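A.B. asks: Got a structure for you, questions after.
Only the coordinates and a few stated rules stand behind these numbers; no lab work does. Small disclaimer: the values here were computed from a predicted structure and weren't measured.
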Amino acid sequence: MQLKDFPLSITVAACVASAALVANVFAGPKERAKPIDLSELKATEEKRFAAADADGDGLVTEEEFANVDPRQIFAGLRAPDTRNRDGRRRGPSAEGGPGADREAVRERMQQRRAKVEARRQESRARDFATADADGDGQLSADEYGDMPATVKAARQSEMFNRLDADGDGVLTPGEFPSVAGRLAALDTDGDGLVTRSEMRVARGR
């Protein structure tokens, strides 16, 4: 899996509690989805940072970051898509025929699958090159045995460097993966809650 496969796009993909909150907003209308409480989400993200900050100095070093499970760091960090989604809805196509619309949807799905497969191939090639310590184009028994740990360490280091915006070798709370800031922009009435209607407005519905 590539770094961008971790929802960072980031974006930058909160803990299980924040994921549940975001999922709440996208629940079906019959479920009466609750709004996202930004203060609760922010508190959850602060706890996640504190858990990574092993020595409690308010900074996360690369060594501390390497000891954190990436799935916990990036879980639930996909912010709601605020783009207009009309283009992805079923309905009359530009040429008026429902069949043409289905064909367009099928083509988009095929293109998406092709992109996913291409990313997987690139990821496999990169992982092989990472594990091939001597660069001879093949993996020895030792290199193959060490591959999981070697690849994990390389990915962790890459993630850390991408998050370390100022390149000072440590992560501050502001550099740590967060979705709360992006969601705050959707809170148009400033009540600290992001409702379904506010998300719909952001999507251009």
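A.B. asks: Would you calculate the convex hull of the Cα atoms in the stretch 131-205 and tell me its volume per residue in Å³?
C.D. replies: Considering the Cα atoms of the stretch 131-205, their hull volume per residue is 183 Å³.
A.B. asks: Any chance you could run the full-extension gain for residue 111 through residue 37? It's 0.36 nm times the residue separation minus the Cα-Cα distance, nm to one decimal.
C.D. replies: 23.0 nm
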